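As structure tokens, the structure follows; a few thoughts come after it.
The values are calculated or read from the model by the stated rules, or taken from the named source; none is laboratory data. The structure displayed is predicted, hence computed values, not measured ones. With ideal geometry, Cβ positions are generated from the backbone for all residues, glycine too; neighbour counts draw on all protein chains shown.
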Amino acid sequence: MSALSTTTPHVEPQQTPVNLMGLSLLQMEQFFFELGEKKFRAQQVLKWIHHAGIIDIEEMSNLGKVLREKLLKIAEVRPPEVASQHDSSDGTRKWTIRVEGGGLVETVLIPAGKRATLCVSSQVGCSLDCSFCSTGKQGFQRDLSAAEIIGQVWLAIKSYDAFGDGDRRVVTNVVMMGMGEPLLNFDNVVSAMDLMLEDLAYGLSKRRVTLSTSGVVPALDRLAEVSEVSLAVSLHAPNDELRSQLVPINRKYPIARLLESCRNYMAAQSDKSRVVTVEYTLIEGVNDQVEHARELAVLLQGFPCKINLIPFNSFPRSEYRRPSGNAVSRFWQVLVDAGYIVTVRSTRGDDIDAACGQLVGQVVDRTGRSGRHRAASEAQVIAVG
Ligand code: SAH
Ligand code: SF4
């Protein structure tokens, strides 16, 4: 018997490398502290990844050879894997991202003049099953990691090849309005939003990062303690009976509790001039009547908000329809007459299915179009000014 066949092979214990892409400044400092390294290493690595767009640890020249070798054994910087990229004739760009373990999520960049808003996903699918949302129809698969969330911002900027040109402003606004309910993936979303605001990463103003929620009240209360991002709330109905049909989580946290939680969130902000964006998807014959607008005007009296109307985007097997332009105008007029600031989302990226609701249909039903992501891309442009 040869020596080779009798030797028991030495197998190194498998250790999953830490993906440094998703670590906030504090988490990165903790990581280097545990390695016995100085705090400033965290700042250097953040800048390499998020300012310079560098993901190869060997290229991080100011870390020194010994530290780089140490890092290569235990860490990596892994951006999202792009399954496809599409450009719309109106300048909207959509990436479909393949996540580990299967499943696809979507990120959409919507340019508007000197600004561009990035619509970011937080989960693969969604468990909340709103009746008009194709992501909800897909069901919930899993939360995205912080690296997978902030990686969408990294990817958008990298994709425009803006690194190194001194122009990293290709993304001026971020909205958490892609797939998923961000407040049900609380810790990862908060870490990723910290990086969006962090000067050593993306340095966006807190006004220009918006979290949209369908109303997970306890998580919104927690968010008030840790975050200062802008808030958008998906209302879609002026009373509990109708809202519970459209947004099932309303049965658990009805409108009065949701609006109170929004008020508390705004009260916790240092800048008292900020308002909540109330999102209202208009569905023909369901919630788009003049009476609904009047009821909404009464409901929101004294509530610090602006209203964003989203004409419904259809998707396969949905029984709902988009209202006519006239119906949208009538609804808008009632609210304007009542003194509200009201915007209507225009459709962007329609030709590449980049509008709110459109990705999930492709995942679930590869033959058809869907409607959810369409609204996301529309939303960014108008609702988040
Ligand atoms: N889960 C969060 C954020 C993602 S959805 C939320 O519900 O707020 C982002 C926005 O798109 C929400 O206002 C949502 O109601 C809206 N939306 C979902 N499906 C839509 C559709 N088919 N047409 C128009 N807007 C839609
Ligand atoms: Fe989930 Fe938002 Fe879609 Fe409702 S609208 S199912 S909360 S992604």
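Listing for the model above:
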{"read-out": "Residues within the stretch 40-83 that are small (Gly, Ala, Ser) and within 16 Å of Glu148 (Cα to Cα), tallied", "value": "3"}
{"read-out": "Matching entry among Asn264, Asn250, Asn308 (being within 13 Å of ligand 1 (Cβ to nearest atom), in a helix (DSSP H, G or I) and on the phi < 0 side of the Ramachandran plot)", "value": "Asn250"}
{"read-out": "Complete set of residues in the stretch 283-292 that are under 17 Å from Asp337 (Cβ atoms) and under 28 Å from the mean Cα position of the chain (by Cα)", "value": "Asp288"}
{"read-out": "Ser122 being away from ligand 1 (no atom under 16 Å from the Cβ) and either of a type in the set (S, T, N, Q) or in contact with a Phe, Trp or Tyr (Cβ under 6 Å, 6 or more places away or on another chain) (or both)", "value": "no"}
{"read-out": "Qualifying residue in the stretch 85-93 (condition: within 16 Å of ligand 1 (Cβ to nearest atom) and assigned to a loop (DSSP other than H, G, I, E, B))", "value": "yes"}
{"read-out": "Residue in the stretch 208-220 that is surrounded by fewer than 19 Cβ atoms within 10 Å (Cβ to Cβ), among the charged types (D, E, K, R) and more than 9 Å from ligand 1 (Cβ to nearest atom) present", "value": "no"}
{"read-out": "Members of the stretch 249-270 found to be loosely packed, with under 13 Cβ neighbours inside 10 Å, in contact with an Asp or Glu (Cβ under 9 Å, 6 or more places away or on another chain) and more than 13 Å from Ser227 (Cα to Cα), listed by number", "value": "Arg251, Ala256"}
{"read-out": "Gly113 surrounded by fewer than 17 Cβ atoms within 10 Å (Cβ to Cβ), over 19 Å from the mean Cα position of the chain (by Cα) and without any contact (Cβ under 8 Å) to a residue 24 or more places away in the chain", "value": "yes"}
{"read-out": "Pairs, first farther than 11 Å from Cys262 by Cα and in the same structural domain as Val278 (by TED's automatic domain parsing) in the stretch 208-227, second away from ligand 1 (no atom under 12 Å from the Cβ) and in a strand (DSSP E or B), C-beta under 6 Å, six or more apart", "value": "Arg208/Asn173; Val209/Val174; Thr210/Ser230"}
{"read-out": "From the options Val66, Val105, residue that is under 20 Å from Asn19 (Cα atoms), part of a strand (DSSP E or B) and at pLDDT 95 or above", "value": "Val105"}
{"read-out": "Residue count for the stretch 222-274, restricted to those that are acidic (Asp, Glu) and more than 25 Å from Ala293 (Cα to Cα)", "value": "3"}
